[in-house]
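The values are calculated or read from the model by the stated rules, or taken from the named source; none is laboratory data. Note that this is a predicted model, so its numbers are computed, not measured. With ideal geometry, Cβ positions are generated from the backbone for all residues, glycine too; neighbour counts draw on all protein chains shown.
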Ligand code: GLP
């Protein structure tokens, strides 16, 4: 399903889906994305927590990805980013939100443990996603296997350039590697909601929705998902 609407309406639709899940499921599992695309959703959920007493107390959260090679105190560690932008503003229980451990000595073992942890809680009910300008989801860069599991990936040059804005504009400070849920892992979530806004996402959105399924445009994997909602503003939809 593709929904074209202004940015704030997209955020309301995603927040509505999260709220429904929290109210209907006794132990809901949310998939959380970093990046600018879901920020309005997190603001809206924090507002509903504050004003409408929407509670995350019984919920679990799993992040999509994490940089490798940053000290765990670094403000751009995705774990710290999601805490600042969302988790600390609502009432998740202690250790209810997890991310891949990019600081682990054994990254292969940490990846397998992460997939195991997701499976152990019965999988993700609702996964929030953004999309990179090169069509990546989480950090599954072009060329990622459509069946991949959580693993180490090398970041594409384009992604490092896109993300340099979070590192004082200095691309040399952007890590070269990450741990990311695989496309196979992400596909197992029961409902995917992907948000894309702005003209710089138009080509990626066009490929994702209308292009042939291909590992060169990793987000095309959403075409194979039984319940995927793509939420775009006019600019991101301009090539559809
Ligand atoms: C980052 C993240 C993705 C995110 C994407 C788009 O590199 N790893 O999870 O969806 O790029 O980011 P933004 O929403 O800021 O455009």
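Tabulated values for the structure
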quantity: Criterion violated by residue 52 - all others in (1) surrounded by fewer than 21 Cβ atoms within 10 Å (Cβ to Cβ); (2) in contact (Cβ under 8 Å) with a residue 12 or more places away in the chain satisfied; calculated: (2)
quantity: Test for residue 82: is it modelled with pLDDT under 95 and under 20 Å from the mean Cα position of the chain (by Cα); calculated: no
quantity: Residue under evaluation residue 123, criteria (1) farther than 30 Å from residue 198 by Cβ; (2) within 14 Å of the ligand (Cβ to nearest atom), criterion not met; calculated: (2)
quantity: Top-ranked residue in the range 61-82 [being away from the ligand (no atom under 14 Å from the Cβ) and farther than 19 Å from residue 22 by Cα; ranked as surrounded by the most Cβ atoms within 10 Å (Cβ to Cβ)]; calculated: 80
quantity: Filter pass, residue 202 being free of Cβ contacts under 8 Å to residues at least 60 places away in the same chain, surrounded by 15 or more Cβ atoms within 10 Å (Cβ to Cβ) and either on the phi > 0 side of the Ramachandran plot or more than 11 Å from the ligand (Cβ to nearest atom) (or both); calculated: yes
quantity: Qualifying residue in the range 148-165 (condition: under 17 Å from the mean Cα position of the chain (by Cα), crowded, with 23+ Cβ neighbours inside 10 Å and assigned to a helix (DSSP H, G or I)); calculated: no
quantity: Some residue of the range 47-63 being in contact with a helix residue (DSSP H, G or I) (Cβ under 7 Å, 6 or more places away or on another chain) and within 24 Å of residue 165 (Cβ to Cβ); calculated: yes
quantity: Options 135, 143; residue that is crowded, with 23+ Cβ neighbours inside 10 Å, at positive phi and either out of contact with any strand residue (DSSP E or B) (no Cβ under 6 Å at 6 or more places or on another chain) or in contact (Cβ under 8 Å) with a residue 12 or more places away in the chain (or both); calculated: 135
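Table: residues versus (1) assigned to a helix (DSSP H, G or I); (2) loosely packed, with under 15 Cβ neighbours inside 10 Å; (3) away from the ligand (no atom under 16 Å from the Cβ).
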{"site": "11", "(1), (2), (3)": "yes, no, no"}
{"site": "19", "(1), (2), (3)": "yes, no, yes"}
{"site": "27", "(1), (2), (3)": "no, yes, yes"}
{"site": "37", "(1), (2), (3)": "no, no, no"}
{"site": "47", "(1), (2), (3)": "yes, yes, yes"}
{"site": "58", "(1), (2), (3)": "no, yes, yes"}
{"site": "95", "(1), (2), (3)": "no, yes, yes"}
{"site": "100", "(1), (2), (3)": "no, no, no"}
